[in-house]
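One structure is given here, and the rest of the page talks about it.
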């Protein structure tokens, strides 16, 4: 919102001595008299960002009122200057009676209006021109310009009609009708509906909710009598009407944010005062004010102890009451520990005790609330993990999988025995559990010992029916059943799989989806707070390039790519998670808060040549163990084995990320650490350091 500084000065006056004016407005050494003289001529445009809930500050008087409270509390000698309003002398009123009616509708709270006669439409005085032009409003004529002036001055929208074009002496506010069209002043024809709130005379609609008028009732140079009206509607209702009809007017902007219902009559009186001053018009009617259910002040109990708890500082009762008085908040009653106050209706943002405390802090001064100098110790341990129950944890993990595009499947725990199931049971050193009275004597007669085979059936079933589906993502939680040392056992697993078709001329061993699946698992770990996990190679009979992800030296997840002979020539990447172990980890974990470092991260790359038997995980754990203070992250940047390298060797390019919590790391410090890492890799792992600039 852009406002004129000179216009704002008309409503608030601050008594500053010459020294303070020099401090606030000028450089040292300039003549104060020239400053005062120049500020009367020159103007400044202030760009204010006012939040939508502060509709009381969307006018010059509202801003001045708020500044007055702030400056007065800070000890400035200041006056709040109220706009001049002429006294209404009933002897001079040439009676013209009209009535206002509401149809049964709770959305319209108040409607007020009056009629003026002997109007002369002409150009506005220069002072109004200057005020409006200073904020980008184009002058039209004296009546429209005064209405704009009062709207920005007091924040109350006012609409005007040519009174001679109004039929009858009745104004009716009711809902619109179907198949009724409205010619609005923006030259658009709008169809009304029952959801609209319309101001009617006895025959036709005059205005849509006071935010846009009928073009046929606009005033012109021939107009002699005018009707001035102002209305207060439910702000939400105004917003809905504005959106439905795509109306963007200044009236809508103010009414949908909420105006001061108690200022409506004063705004009409102020408008009359200015029109009388310029045109010497006559008032032809009393102000008819229809306000059946007045909007009351909001009653709030304010506790002194609550103010101290929120602000962390004791403010004297005298200062609190002074702030409330300056904010025009009425103290209804006072007790030893609390106040009962009435908040004026124009403060729509103050409805609760916490809102009052915020206002007290705003006027008192946020800069006066000192933060404790005690250093906070990090990390901060808290109670057990937020998601304590298994059901809550499951909901979080499943929601994350669905967000990644996975679909949940449910398979029968009864499967058919095959060579593959027997091979897996033999590998796991377990026995299958057979069903004695199977419904299907020739097929499904064993309890599953792995979720894998149900996944294979599901992928096969869906691939036949969804030929265009290039990639399928599934997950399932379920129990497996097995016999070990004559003991019947069951265990819960969560399995995740990604299946994709092998395209023509594509290498079968494409492991991009392997890293996609591993990345999903790592994202789940990050969400539920699992850190410091490791990985080693696994030797699953049906998986190639498979790994175990371990936590505290115990297997948590097995992950790999299914062999071709059981995957039906598809790329299927499969992970099986020990669900019960996962739940126990999460429930035992503590939430720890560690603040981000204020200092930048530095990155260095290192290329090494090692034996094929050495995995990146071995390198990662070795470096992490030996040098962990300043290295925050270690990532594999590139991997290569093949041409131009010895058969028994492979190449890794590794990225190291350095960060300190106490200062910016210098090149010298980082170079020392990198040199130490190079020596460790040479001595312990037999690595050869390669020149990164000569790779490939």
Qualifying strands (runs of 3 or more DSSP E) (wholly inside region 138-191; at least 3 residues being crowded, with 17+ Cβ neighbours inside 10 Å): 159-162, 170-175
Neighbours by Cβ (under 7 Å, 6+ apart or cross-chain): first from region 525-548, in the same structural domain as residue 568 (by TED's automatic domain parsing); second surrounded by fewer than 13 Cβ atoms within 10 Å (Cβ to Cβ): 541/427; 547/537
Breaking point among (1) over 35 Å from the mean Cα position of the chain (by Cα); (2) assigned to a loop (DSSP other than H, G, I, E, B); (3) surrounded by 14 or more Cβ atoms within 10 Å (Cβ to Cβ), for residue 292: (3)
Some residue of region 280-289 being out of contact with any strand residue (DSSP E or B) (no Cβ under 8 Å at 6 or more places or on another chain), touching a residue at least 24 places away in the same chain (Cβ under 8 Å) and not assigned by TED's automatic domain parsing to the domain that holds residue 329: yes
Filtered residue count, region 85-116, keeping only those that are modelled with pLDDT of 90 or more and either closer than 19 Å to residue 223 by Cα or part of a loop (DSSP other than H, G, I, E, B) (or both): 4
2 or more residues surrounded by 13 or more Cβ atoms within 10 Å (Cβ to Cβ) and modelled with pLDDT under 80: qualifying strands (runs of 3 or more DSSP E) within region 567-635: none
Test: residue in region 502-512 that is surrounded by fewer than 16 Cβ atoms within 10 Å (Cβ to Cβ), within 17 Å of residue 572 (Cβ to Cβ), at pLDDT 80 or above and under 44 Å from the mean Cα position of the chain (by Cα): no
Count of residues meeting criterion [closer than 12 Å to residue 609 by Cα and surrounded by 13 or more Cβ atoms within 10 Å (Cβ to Cβ)] in region 646-687: 11
Residues of region 246-262 classified as in a helix (DSSP H, G or I) and surrounded by fewer than 22 Cβ atoms within 10 Å (Cβ to Cβ), total: 5
Residue in region 483-491 that is under 43 Å from the mean Cα position of the chain (by Cα), over 25 Å from residue 420 (Cα atoms) and assigned by TED's automatic domain parsing to the domain that holds residue 408 present: no
Region 320-342, residues that are farther than 22 Å from residue 12 by Cβ and touching a residue at least 40 places away in the same chain (Cβ under 8 Å): 320, 340, 341, 342
Scope region 542-557; condition over 15 Å from residue 525 (Cβ atoms) and surrounded by 17 or more Cβ atoms within 10 Å (Cβ to Cβ); matching residues: 542, 543, 546
Test: residue in region 219-230 that is within 30 Å of residue 341 (Cα to Cα), at pLDDT 90 or above, in a strand (DSSP E or B) and touching a helix residue (DSSP H, G or I) at 6+ places or on another chain (Cβ under 7 Å): yes
Residue in region 641-663 that is without any contact (Cβ under 8 Å) to a residue 60 or more places away in the chain, over 47 Å from the mean Cα position of the chain (by Cα) and not in a loop (DSSP other than H, G, I, E, B) present: yes
Every residue from region 417-427 that is under 53 Å from the mean Cα position of the chain (by Cα) and loosely packed, with under 15 Cβ neighbours inside 10 Å: 427
Qualifying residue in region 296-303 (condition: part of a loop (DSSP other than H, G, I, E, B) and either touching a helix residue (DSSP H, G or I) at 6+ places or on another chain (Cβ under 8 Å) or more than 19 Å from residue 198 (Cα to Cα) (or both)): yes
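The values are calculated or read from the model by the stated rules, or taken from the named source; none is laboratory data. Nothing here was measured: the structure is a model prediction, and the numbers come from that model. In this analysis, Cβ positions are derived from the backbone assuming ideal geometry, glycine residues included, and neighbour counts consider all displayed protein chains.
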